[in-house]
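**Student:** Here it is, the structure, as C-alpha cells.
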Amino acid sequence: MKGERYITVFACLLLLSPCLQAQTPFEIEEVVVVGEEFDHTRPYTTVAKLDHEQITALPVASVADILAYLPAIDIRSRGASSAQTDISMQGGTFDQVVVLLNGIPLQDTQTGHYTMNIPVSTALIEYIEVLQGTDVTGALTGAINIVTKTYTDQDHYTLQMTAGTNGNVHPVFTGTWRNNETTTNASVEYGRSEGYYAPTSDAKEQEALHNTDYQMANVYVQTHWRGLNQGLDVQVGAQYKDAGLGTGYGYASTDQFDATRTVLAGVQYEHYFAQPWKISAMVAYRGQSDRYEWHRGTPLNTHWTHNAQATLYGHYFSSVGKTSFGVEAKNEYIASSNMGVHNRWQVTARARQEFAFREWSHLHATLSVAGHYNSWCGWYGSGAAMVAYDIWGNGDVHVRANRSLRMPTWTDMYYKAGVQRGSTDLKAEKAWQVALGAQYEWRFEQAGRLHISGETYYRWGTDIIDWTYNETDSLFHATNQNKVNTLGVELAADYHYNNWLRTISVQYAYTHLDLDVSSVKSNYLDYLRHKVCVNLDHGIYVWAKGCVGAHWALRWQDRCGTYVDIHGTAGNAFTPVLLLDGSIYMELARVRVALEGTADASAVYVAEAGATDDVVGMGEEAQGQHNSHHGG
C-alpha cells in the first residue's frame with residue numbers, strides 16, 4: 001500500500017535560542033541524570049546519543065519519531081502519529097527494552113505496547129541515549145535514557161505549531177525557567193489527526209484506514225532544586241490518548257480502538273556528607289488505565305496497572321575508587337477484566353565498585369553485582385562489568401559483559417482471548433552478553449572534527465518468552481524458547497565542519513539471530529537484519545541575525561521474516577524500505593519556521609494481521625507487526 005505523502009508547516013517561537021550551533025557527535029560517556037540513585041547502571045556504554053540540537057533539526061513530533069533515527073532501534077507504530085508504538089532493539093522484542101525518564105524506569109508490566117506512553121514534549125529533551133551493558137531487571141536487550149533540561153542561565157519558552165494533511169494539528173508550549181537555586185521545566189501539548197488515507201487501497205483497506213484517527217494530550221512539570229551539598233528533583237506527568245488502530249491486532253476487525261490514561265511521578269534526593277560519604281534516594285510511580293475495543297464502541301477488555309519503586313543507596317569515596325551499595329524495592333499490580341487481579345513484589349540488594357587507578361589514569365573499570373528476590377519466582381542474580389582504556393584523551397577501547405533478566409508481563413502470564421493463551425508456567429528470561437567496542441575523535445584546526453565508533457556484541461539468551469503457534473489447538477501460546485542467541489555489529493561516523501556543513505553522519509546496524517525455536521510461527525523469525533541511517537544538515541544562506549538551512553535524513557532497513565496481509569494471506573516476504581525525511585528551515589533570533597516532509601521510495605508497506613495503519617504517513621514507518629498479542 002502506498003503511504004501518504006504529506007507536507008507540514010512547523011512554526012516555533014524560540015526565545016533566546018542561538019542559531020546554527022555545532023552538534024554533538026555520538027559518544028561514549030557517563031549518564032548524566034538528576035541524582036545518582038540510578039547510577040547502579042554504571043557498567044554500561046552509551047552506544048548512541050542524540051542531543052537537543054540534533055533533535056531540533058529532525059522532522060519529529062514524538063520521542064518515538066526521534067528513536068527511529070537510531071540504527072539499533074526498531075520502531076513499529078499502530079495508528080497515526082505513533083499513537084501506539086512498539087520499540088525493540090538488537091533483534092529482541094518490545095517487552096525487552098527499559099525506557100528511563102531522567103533515570104526513572106517507565107516499564108508497563110501489562111505489556112510493552114505502552115512503554116512509549118511518555119508525556120514529555122521533545123522540546124524539553126536535552127538528550128536521548130541508548131545504553132548497553134546494564135544489569136537492570138527488564139533491560140534484556142538494552143535501555144533508553146531520556147534526559148530533560150536540568151539547568152538554564154536564562155528563561156526559555158517555546159510555542160510550536162505543526163499542521164498537516166488529514167486534520168493533523170499539534171500545538172506545543174514548553175518553558176524552562178530559573179529562580180535562584182530552582183529550575184523548572186513544563187510542557188503542555190495536544191495532538192489530533194483524522195488518520196491515514198491510501199488512494200489505491202481496496203474497500204477493506206479503506207475501512208481500516210478510516211479508523212486510524214487519534215487525539216492525545218500531555219502535561220509534564222519538573223522542578224530541580226540545588227542547595228548546599230544536596231539536591232532534589234521532582235517530576236510529574238499525565239497523558240490522555242484515544243486512538244483508532246484499524247486492524248492493529250488482527251485482520252478480522254477493521255475498527256479496533258484503544259484508550260489509555262497514564263500518570264507518572266518521581267522524586268529523587270541526594271546529599272553529600274563530609275567526605276567521603278554521600279546518599280541518594282528515589283521514589284517513583286507509574287499508573288495506567290487501558291480500554292481496548294475489538295469493535296469500536298464496544299469495550300472488550302479494561303485494565304488498571306500500577307508500578308511503584310523506591311531505592312536507597314550509599315556511596316563511599318576512597319583511594320580504591322567509588323564504592324556504592326543499596327537496596328531497591330518495587331511493586332507491580334494489575335486489575336483486569338480479562339486477566340484478573342495480581343500483585344508481585346521485588347527486592348534488590350546491589351553493590352558496585354568503580355575502580356580508580358592513579359598510576360594508570362587512562363584505565364577505567366567497574367564491577368556491579370546484584371541479588372534479587374521476586375515474590376513470583378524467588379531468588380536470582382545479575383551483574384555487569386566493564387573495562388575501558390582512554391586513547392590519547394580523544395577516544396577509548398572498551399570491553400563489557402553483563403547478565404540480565406526479565407520477568408514475564410501480566411499479558412505473558414494471564415491473557416486469554418481470541419487465539420492467544422498466556423501461561424503461568426513461564427520462567428524468567430535470562431541472557432549473558434559480551435561486547436567489544438571503540439570510539440575516537442579527530443579535531444582538525446580549521447577543518448572541523450570527525451568522530452567514529454563501533455561495537456560488536458554477542459548475546460546468549462535462554463528461556464526467552466515467545467508466542468508460538470500450536471497446530472493441535474490452532475492457538476498461540478506463551479512459551480519459553482530454549483535458545484535465542486544474537487550476533488550484532490553497530491558502526492557510526494559523523495563529521496562536523498561549520499555553519500555551512502553542520503553535520504553529516506552515517507550509521508549502520510547488523511543483527512543475526514541463532515535460533516532454536518519450537519514453532520515456524522515464532523516472533524523471533526521476524527526481526528530487523530540491516531538498518532542504515534544517513535543524516536545531512538547544512539546551511540543554505542547565513543547572515544548576521546539568522547540563517548536558512550536544510551536537514552535530510554535517509555533511512556534504509558531490511559527485515560527478515562514473513563507477514564499476514566489484511567486479507568489473511570500468509571507467507572508474504574518483507575521487502576526493504578527506503579525513507580527520506582526532509583526539512584527546510586529559517587531561524588531568526590526568536591523564531592524558527594520549517595517546511596517538513598517525508599518521501600518513500602518503496603511501493604508497499606505492510607503489517608502482520610493486516611494492520612494497514614502501519615503504513616508510512618505523518619512520520620511513521622513499519623515493515624511488519626510482529627508480537628501482535630495485546631493484553632488489551
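**Student:** Kindly provide the chymotrypsin sites (Phe, Trp or Tyr not before Pro) of region 150-198 that DSSP labels as loop, not H, G, I, E or B, and whose Cβ sees at most 13 other Cβ atoms within 10 Å.
**Tutor:** TYR151
**Student:** Quick one: the Cα spread of region 133-218 along its three principal axes, in angstroms, biggest first?
**Tutor:** Sorted from largest, the Cα extents of region 133-218 read 60, 39, 17 Å.
**Student:** Which order do PHE94, PHE273 take when ranked by solvent-accessible area (1.4 Å probe, heavy atoms of all protein chains), largest first?
**Tutor:** Order by accessible area, largest first: PHE273, PHE94.
**Student:** If you don't mind, there's one more thing I want to ask. Using the Cα gyration tensor of region 319-397, with a ≥ b ≥ c the square roots of its eigenvalues, what is the shape: rounded (a/c below 1.5), prolate (a/b larger than b/c) or oblate (neither)?
**Tutor:** prolate
**Student:** Using only Cα atoms, what is the ratio of the radius of gyration of region 483-597 to 2.2 N^0.38 Å?
**Tutor:** 1.53
**Student:** When a/c is below 1.5 the answer is rounded, else prolate if a/b is larger than b/c, else oblate, so apply that to region 52-160 with a ≥ b ≥ c taken from the square roots of the Cα gyration tensor eigenvalues.
**Tutor:** The shape class here is prolate.
**Student:** Carbon and sulfur: what percent of the chain's accessible surface (1.4 Å probe)?
**Tutor:** Answer for the chain is 61 percent, counting heavy atoms of protein chains only.
**Student:** How long are the semi-axes of the equivalent ellipsoid of region 272-408, taking √(5λ) for every eigenvalue λ of the Cα gyration tensor, in whole Å from largest down?
**Tutor:** They are 41, 19, 14 Å, listed from largest to smallest.
**Student:** Sticking with this structure for a sec: Relative to the compact-globule scaling 2.2 N^0.38 Å, provide the ratio for the alpha-carbon radius of gyration of region 392-474.
**Tutor:** Rg over 2.2 N^0.38 Å, computed on Cα atoms: 1.87.
**Student:** Bin all alpha-carbon pair distances of the chain at 10 Å intervals from 0 and give each bin's fraction as a whole percent.
**Tutor:** Values per bin, smallest distances first: 3, 16, 28, 29, 18, 5, 1, 0.
**Student:** By how many nm would the segment from ILE540 to ALA329 grow when fully extended, if each residue of separation counts as 0.36 nm and the alpha-carbon distance is taken off?
**Tutor:** That pair, ILE540 and ALA329, stretches by 70.6 nm at full extension.
**Student:** What range in the chain is the longest one free of GluC sites (Glu not before Pro) that are in a loop by DSSP and have at most 13 other Cβ atoms within 10 angstrom?
**Tutor:** 182-358
**Student:** Could you do me a favour and compute the accessible area per residue for region 176-243, 1.4 Å probe, result in Å²?
**Tutor:** Value for region 176-243: 46 Å² per residue.
**Student:** Here is a follow-up. Sort region 420-530 into rounded, prolate or oblate with this rule: let a ≥ b ≥ c be the square roots of the eigenvalues of the Cα gyration tensor; rounded if a/c is under 1.5, and if a/c is not under 1.5, prolate when a/b is larger than b/c, oblate otherwise.
**Tutor:** prolate
**Student:** Let me ask something additional. In whole Å and largest first, what semi-axes does the C-alpha gyration tensor of region 200-259 yield when each eigenvalue is scaled by 5 and square-rooted?
**Tutor:** Computed over region 200-259, the values are 44, 10, 9 Å.
**Student:** Here's another thing I want to ask about it. Using +1 at the C-beta of Lys and Arg and -1 at the C-beta of Asp and Glu, which of TRP304, ASN374, SER522 has the Cα lying farthest in the positive direction of the dipole of the chain?
**Tutor:** ASN374
**Student:** Could I ask something else about it? Check which residues have an amide H placed less than 5 Å from VAL136's amide H, if you skip close sequence neighbours.
**Tutor:** Placed amide hydrogens put nothing under 5 Å from VAL136.
**Student:** Can you quote the Å³ per residue value for the convex hull of the Cα atoms in region 197-334, rounded to an integer?
**Tutor:** That works out to 161 Å³ per residue.
**Student:** Loop-only check: which chymotrypsin sites (Phe, Trp or Tyr not before Pro) in region 451-530 are DSSP coil with at most 16 other Cβ within 10 angstrom?
**Tutor:** Here the chymotrypsin sites (Phe, Trp or Tyr not before Pro) that fit, given the DSSP loop and packing criteria, are TRP500.
**Student:** Here's something else I'd like to know. Which loop-located trypsin sites (Lys or Arg not before Pro) does region 471-577 contain, where loop means any DSSP state but H, G, I, E or B and the Cβ has at most 14 other Cβ atoms within 10 Å?
**Tutor:** LYS545
**Student:** Let me ask you something else. What is the Cα centroid distance between region 499-529 and region 65-90, reported in whole angstrom?
**Tutor:** Using only Cα atoms to place each centre, the spacing works out to 13 Å.
**Student:** Follow-up. Do you know the relative contact order of region 444-502, to the nearest whole percent, from alpha carbon pairs under 8 angstrom that are 6+ apart?
**Tutor:** Reported as a whole number, the value is 46 percent.
**Student:** Taking the solvent-accessible surface of protein heavy atoms with a 1.4 Å probe, what is the per residue accessible area of region 333-437 in Å²?
**Tutor:** Averaged over the residues of region 333-437, the accessible area is 47 Å².
**Student:** Hey, another quick one. With unit charges on the beta carbons (Lys and Arg positive, Asp and Glu negative) and the dipole taken about the Cα centre of the chain, which residue among PHE476, VAL564, GLY103 sits farthest to the positive side?
**Tutor:** GLY103
**Student:** With only alpha-carbon pairs counted, each pair once and no self-pairs, how large is the Kirkwood hydrodynamic radius of region 353-436 in angstroms?
**Tutor:** Every distinct Cα pair counted, the radius reaches 16.0 Å.
**Student:** Return the sequence-ordered ³J(HN,Hα) values of region 140-145 in whole Hz as given by the Karplus equation 6.51 cos²θ - 1.76 cosθ + 1.60 applied to θ = phi - 60°, using x for Gly and Pro.
**Tutor:** 5, 10, x, 9, 10, 10
**Student:** Here is a follow-up. Over region 113-199, calculate the relative contact order: mean separation of alpha carbon pairs under 8 Å at least 6 apart, over the residue count, as a percent.
**Tutor:** Taking the mean separation of contacting Cα pairs over the length of region 113-199, I get 24 percent.
**Student:** With just the Cα atoms defining each centre, how far is region 187-256 from region 116-164? Give it in Å.
**Tutor:** 16 Å
**Student:** Using protein chains only and a probe of 1.4 angstrom, how many square angstrom of HIS362 are accessible, to the nearest 10?
**Tutor:** The value for HIS362 is about 80 Å².
**Student:** Seen from all sides and averaged, what is the projected area of the convex hull of the Cα atoms in region 101-147, in nm²?
**Tutor:** 3.5 nm²
The values are calculated or read from the model by the stated rules, or taken from the named source; none is laboratory data. In this text the structure is predicted, and so the values were computed from the model without any measurement. Note: ideal-geometry Cβ built from the backbone for every residue, glycine included; neighbour counts use all protein chains shown. For the accessible areas, the whole protein counts, side chains as well, though only heavy atoms, and no ligand, DNA or RNA atoms are used. Shrake-Rupley method; radii C 1.70, N 1.55, O 1.52, S 1.80 Å.
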